[in-house]
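Right, one structure below, let's go through it.
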Amino acid sequence: MPYSLKYNINKDFLEVYIKGQRVPGKVVEEGVSRWSEIAKLCEKERLNRILAIMNISGKFRVDDAFRLVESADIVGWRKDFKLGVVAVTHELYMELMFSETTMVNLGYEMKLFDNKRTAKKWLLS
């Protein structure tokens, strides 16, 4: 797969590191796979707080973002999950703003950040 997913299990939250390159035509499929794996880890570890540090590049179209967010239920994403996402680049931050808005509008708790410290503070509040 063109991305890597590493994680640390902490006492109060799951910390995931997502790095890689989006592949045109597979953005939604790979996103569903990635977030499904994270949801399963949360279930296994009985955690509902997730800190995701993302360093992904490549084209991320609005319709791909919408289809990915729309798949949240299918991948096992629960409404009681609290997701803090740290975008490591300004470009990625701007791309993920639509996903954040859509997730919140669908009743999920997600917030986008540009640094880990602020994200962790929000996540644990």
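Read the figures in this text as sums done on the coordinates, not as results from a lab. Quantities reported herein were computed from a predicted structural model and do not represent experimental measurements. Glycine gets a Cβ as well: all are built from the backbone with ideal geometry, and neighbour counts include every protein chain shown.
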Worksheet item: What number of residues in the range 33-63 are under 16 Å from residue 94 (Cα atoms) and part of a loop (DSSP other than H, G, I, E, B)?
Response: 4
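What residue, among those in the range 82-123 that are of a type in the set (Phe, Trp, Tyr) and touching a strand residue (DSSP E or B) at 6+ places or on another chain (Cβ under 8 Å), is farthest from residue 22 (Cα to Cα)? Steps first, answer last, please.
Taking the range 82-123 as the starting set, the residues that turn out to be of a type in the set (Phe, Trp, Tyr) are 93, 98, 108, 113, 122.
Next, from what is left, pick out any that are touching a strand residue (DSSP E or B) at 6+ places or on another chain (Cβ under 8 Å): 93, 108, 113, 122.
Values: 93: 15, 108: 24, 113: 20, 122: 28 Å.
Looking at the filtered set, the residue picked out is 122.
Per-residue answers, yes or no, for (1) β-branched (Val, Ile, Thr); (2) in contact with an Asp or Glu (Cβ under 8 Å, 6 or more places away or on another chain); (3) assigned to a loop (DSSP other than H, G, I, E, B):
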position: 86; (1), (2), (3): yes, yes, no
position: 91; (1), (2), (3): no, no, no
position: 94; (1), (2), (3): no, no, no
position: 98; (1), (2), (3): no, no, no
position: 104; (1), (2), (3): yes, no, no
position: 110; (1), (2), (3): no, yes, no
position: 119; (1), (2), (3): no, no, no
position: 125; (1), (2), (3): no, no, yes
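Looking at residue 67, is it within 21 Å of residue 2 (Cα to Cα), within 12 Å of the chain's Cα centre (by Cα), of a type in the set (D, E, K, R) and part of a helix (DSSP H, G or I)?
no
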Item to complete: Collect the residues in the range 1-56 that are buried (at least 17 other Cβ atoms within 10 Å of the Cβ) and of a type in the set (Asp, Glu), keeping them in residue-number order.
Response: 15, 30
